[in-house]
Amino acid sequence: MNFENLLKLIKTVSDSDLTTFKYEEGDTKILMRTNETTVVSGVSMPVDMTMTAPAATPINAAAEAAPQPAKEEAAGNVLACPLVGTFYRAASEDEAPFVEVGDTVKKGQTLAIVEAMKLMNEIESEMDGTVVEILAGNGENVEYGQPLFRIA
């Protein structure tokens, strides 16, 4: 990726609502996160950049201030979303979902896809186990760090 295209990419991501952006092509790997220092590396010299997002304004401050009832912690490990995008349980609308609750999965097995900027990113299991819960709905917008699956 040439320098001009890199600058355009940085501006586009900075002007968007994305909190995380990841791009890989050959030896070039780019990871950008808001409010964090990110190293962009590739064939050429690494470049450090810091991006800041505007402060979030609560929609309903009273609702955020209300105490939440304690929730019983469910068993299993939570697999969190590695990027911002749209969550899909299957490769296409006419295909069966990659996994269902109760399915046994192996480390590295594809569980879902998150589409980000027209790129389909496979979400793989980080462990062997059984899918206990699917925490995101098909076609739902998901955020970085949002829980997607619980695997026991």
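Throughout, read-outs are computed from the coordinates displayed, never taken from laboratory work. Fair warning: this is a prediction, and the values are worked out from it, not measured in the lab. Neighbour counts are summed over all protein chains in view; Cβ atoms, including those assigned to glycine, are modelled from backbone coordinates with ideal geometry.
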Using the 10 angstrom Cβ neighbour count as an exposure proxy, how do Ile134, Ile123 rank, fewest first? Ile134, Ile123
Using unit Cβ charges (K, R positive; D, E negative) and no other charged atoms, how large, in debye to the nearest 20, is the dipole of segment 108-147 about its Cα centre? 140 debye
Using Cα positions and a limit of under 26 Å, work out the lysines in reach of Lys29, with same-chain residues fewer than 8 apart set aside. Lys8, Lys11, Lys107, Lys118
Going by how many other Cβ atoms sit within 10 Å of their own, how do Thr86, Thr20 line up, fewest first? Thr86, Thr20
Which order results if Met127, Met117 are arranged by neighbouring Cβ count within 10 Å, fewest first? Met127, Met117
Which of the GluC sites (Glu not before Pro) found in segment 68-152 are in a DSSP loop and have at most 10 neighbouring Cβ atoms, other than their own, within 10 Å? Glu72, Glu73, Glu93, Glu95, Glu100
First select every other residue whose beta carbon is under 15 angstrom from the beta carbon of Met127; then total the charges, Lys and Arg +1, Asp and Glu -1. -2
